[in-house]
Amino acid sequence: MFIFRVGQVRYERDDVDKLFGQWDRMPECRNAEGKLYALCVKQPADIVGLCLYLRERGAGALLLHEDTPYERARESARLAGAAYLVYGTAERFEAVSFMTESQPASLCQFSSGTTGAPKLVRRTWEDIDEEIAGYNERLAAAGAAELPTQVLVPVFHSFGLITGTLAAIARGVEPNLLHGRNPKRILGEIRDTAGSLAYAVPFLLHLLLALGKDEVRLNEVVSSGAPLTEPLLRRLERQTSRIWQQYGCTEAGCIALGAAPSSPQEMGRPLRRFRVSCEPLPGSRSEEPLTEIVAASARTVVRTGDIGFLNAEGSLFVSGRADDLINVSGLKVMPSEVESVITAMAGVSEVVVCKSRHPVWGEAVQAWIAPADGALREQDVRAWCSERLPAYKVPGAIRLTNEIPRLPSGKISRRLLQTLEEERR
């Protein structure tokens, strides 16, 4: 029986058992129960194998980005209370602390830090098993549970590890871990695998479609990690059999999952383990009341910090982060609204709207735009917006750039763009 594969290399149950035996013989893994192990390793097979091993041994795993420098990785492990750091390869275990207290067997991550300092989030393996059960139930109801699964995102992140890989293993499907491969090779793998379910972030989907031009045809795709843009969603509708969007956060895991979204903001119905409500956001002044998404399960209540609403059919729509709201003289501006207006303009490839400081209003709207060609002018963008938006929502600062800066993870960070703009002044 195959458990997972990395490209053309398959890992059977016997291979995984051999890895377990190898780790059992290491002194660092004796009496692993109740200990936390920080994982900063390069190979996807090592990450998945170690997570399966630590879960079975009653231990915890802290996921760290594979490119984290050694000293930073050690410090992160220490802050999390890890007993050991596994660095580089699955054979390099280093003691971090011998005085750690016994901890619940959990999967731990630091939040992305896109809206502030990263914080440690701990979720028990039991909670993750519940997430996987509800997730697979949603796929099964749509006839997608048995599709060959291709994971194009890193497994040191919960999207790739939990919903992409562990969920596939739980439903008896062999996931193929393709993160880090050349995009052209990924396209080849997709073409060679009929009827697949591929997990990817919007940035990679955009790249794959650009490489394949109008000739590439994907089967089913699950997108998460960042909102789809309107043009990318419409192109995926033409070049896939079915597009899914999933929504979640580090603290709760996957909250909602749905196919065939009507817009980039639609994420589908919440999974059965959650009761989702949208509660009024204190102090907001805008044309329409703004509400925060709150997800409650039997184990926890998570205030997501995201703005959204549930429609009459129970589908969840996510408009953006509450932290990203732009306060223009007391009036709140949602970046996604301005982005959708600019995206509809000819000659725009990508746009991100964020706040900037203003000496009178406190904050103002600024737009970073990657033009599709060199003909786009700031005054044209401003005139376009003035015809379609109230004056306080029209960007006061417009930055035309060949490529919009991103975090190392590939995510857009409005906080990063704000900082870069302030440094220019």
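The values are calculated or read from the model by the stated rules, or taken from the named source; none is laboratory data. None of these values were measured; they are calculated from a predicted model. Positions of Cβ are generated from backbone atoms using ideal geometry, with glycine treated the same way; all protein chains shown enter the neighbour counts.
Just a few scattered comments:
- Taking the criterion of being touching a residue at least 60 places away in the same chain (Cβ under 8 Å), crowded, with 20+ Cβ neighbours inside 10 Å and either of a type in the set (V, I, T) or not in a helix (DSSP H, G or I) (or both), the only residue of segment 329-340 that qualifies is V333.
- Inter-residue pairs, beta-carbon under 8 Å, first assigned by TED's automatic domain parsing to the domain that holds H358 and in segment 385-403, second assigned to a helix (DSSP H, G or I) and of a type in the set (K, R), 6+ apart: C385/K393; V394/R382; P395/R382; I398/R382
- Yes/no for R406 being outside the structural domain of A210 (by TED's automatic domain parsing), of a type in the set (D, E, K, R) and outside any loop (DSSP other than H, G, I, E, B): no
- Among the criteria (1) polar (S, T, N, Q); (2) at pLDDT 95 or above; (3) outside any strand (DSSP E or B), the one S286 does not fulfil is (2).
- Just one of (1) touching a residue at least 12 places away in the same chain (Cβ under 8 Å); (2) farther than 14 Å from R5 by Cα fails for P175. It is (2).
- Members of segment 31-73 that are in contact with a Lys or Arg (Cβ under 7 Å, 6 or more places away or on another chain) and charged (D, E, K, R): E33, E66
- Scanning segment 1-59 for residues that are within 23 Å of the chain's Cα centre (by Cα) and of a type in the set (S, T, N, Q) gives a single hit, Q43.
- Just one of the listed residues (R269, R275) is touching a residue at least 24 places away in the same chain (Cβ under 8 Å), over 18 Å from R414 (Cα atoms) and surrounded by fewer than 20 Cβ atoms within 10 Å (Cβ to Cβ), namely R269.
- Any hit, segment 279-289, residues being in contact with a helix residue (DSSP H, G or I) (Cβ under 9 Å, 6 or more places away or on another chain), among the aliphatic types (A, V, I, L, M), buried (at least 18 other Cβ atoms within 10 Å of the Cβ) and not assigned by TED's automatic domain parsing to the domain that holds R138: no
- Answer from E423, E387, E378, E403 - the residue that is closer than 16 Å to K355 by Cα and acidic (D, E): E423
- Listed by first and then second residue, the pairs with beta-carbon distance under 9 Å, at least 6 apart or on different chains, first residue in segment 148-160 and free of Cβ contacts under 8 Å to residues at least 60 places away in the same chain, second assigned to a loop (DSSP other than H, G, I, E, B) and of a type in the set (G, A, S), are P148/A194; P148/G195; P148/S196; T149/S196; Q150/S196.
- A residue that is of a type in the set (S, T, Y) and within 30 Å of G34 (Cα to Cα) cannot be found anywhere in segment 219-228.
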